[in-house]
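Remarks on the structure that follows.
Nothing in this text is a laboratory measurement; each read-out follows from the coordinates by a stated rule. For clarity, every value in this text was computed on a predicted model and none was experimentally measured. Here the Cβ positions follow ideal geometry from the backbone for every residue, glycine too, while neighbour counts run over all protein chains shown.
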Amino acid sequence: MTDPVLLLIDMQRGFADSAYWGRRNNPGAEEGMLALAHRWQQEGRPIVLSRHDSVQPGSPLRPGQDGNLLRPELDGIRPELLVTKKVNSAFLGDADLNAWLKERGVTELVLAGIQTNMCVETTARMAGNLGYRTTVALDATFTFDLTGPDGSVIPAERLAEVTAANLHGGGFAAVRTVGNILGTA
């Protein structure tokens, strides 16, 4: 059995653009993401980063823009793999994440990153479907308010709560805190 892989999803500068994204939840999420990354690196465990290369006009995550770059806090983190993707799931990127994990005998993933109800949830669902024992560090994720089909705004906190229920109740992933994962809670 190998160490669980930490998959940090889309920690990009463009998510700081509140004019584009709107109101977010969980202002301490980055602290949790970095705590996981630093512990994994300190212990020599494998880290994978993903980056969303948006194809949407006007998105701050489009390649060639500063917003597409990974956050500077990750400069000291040495990932074993960088997955670039144009869709929500890190399993559908330019590197074949599933093949990379299988080649290394990885059976367990810990996920954190941005956005809770988009790329984190989609990646966690696929990981669960592919048979990985998956944990989502919910307090090391964040998302933004979202407008529903009827025009009502769903608060980011509610979206995160529903994501936790979807993943847990659907059997896709265990939903835990950074403190639980690191043994500091």
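Among the residues of the stretch 45-69, those that are over 22 Å from residue 22 (Cβ atoms) and under 17 Å from the mean Cα position of the chain (by Cα) comprise 46, 47, 48, 49, 50. Of the residues making up the stretch 82-112, those that are free of Cβ contacts under 8 Å to residues at least 24 places away in the same chain and either charged (D, E, K, R) or part of a strand (DSSP E or B) (or both) are 94, 96, 102, 103.
Residues checked against (1) among the acidic types (Asp, Glu); (2) closer than 24 Å to residue 96 by Cβ:
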site	(1), (2)
23	no, no
32	no, no
35	no, no
39	no, no
43	yes, no
49	no, yes
58	no, no
65	no, no
69	no, yes
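The single condition among (1) surrounded by fewer than 22 Cβ atoms within 10 Å (Cβ to Cβ); (2) more than 24 Å from residue 30 (Cβ to Cβ) that residue 174 does not satisfy is (2). Residue 44 falls short on exactly one of the conditions (1) outside any helix (DSSP H, G or I); (2) in contact with a helix residue (DSSP H, G or I) (Cβ under 9 Å, 6 or more places away or on another chain), and that condition is (2).
Only residues that are basic (Lys, Arg) and closer than 13 Å to residue 48 by Cα: list them for the stretch 60-84, please. First the steps, then the outcome.
The first filter runs over the stretch 60-84 and keeps only residues basic (Lys, Arg), leaving 62, 71, 78.
Residue satisfying the conditions is 78 alone.
Of all the criteria given as (1) in contact with a Gly (Cβ under 6 Å, 6 or more places away or on another chain); (2) without any contact (Cβ under 8 Å) to a residue 24 or more places away in the chain, the one not satisfied by residue 57 is (1). Reported count of residues in the stretch 113-156, each being in contact (Cβ under 8 Å) with a residue 40 or more places away in the chain, crowded, with 16+ Cβ neighbours inside 10 Å and in a helix (DSSP H, G or I), is 11.
Residue-wise test of (1) in contact (Cβ under 8 Å) with a residue 12 or more places away in the chain; (2) in a loop (DSSP other than H, G, I, E, B).
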| position | (1), (2) |
| --- | --- |
| 2 | yes, yes |
| 8 | yes, no |
| 19 | no, no |
| 40 | yes, no |
| 51 | yes, no |
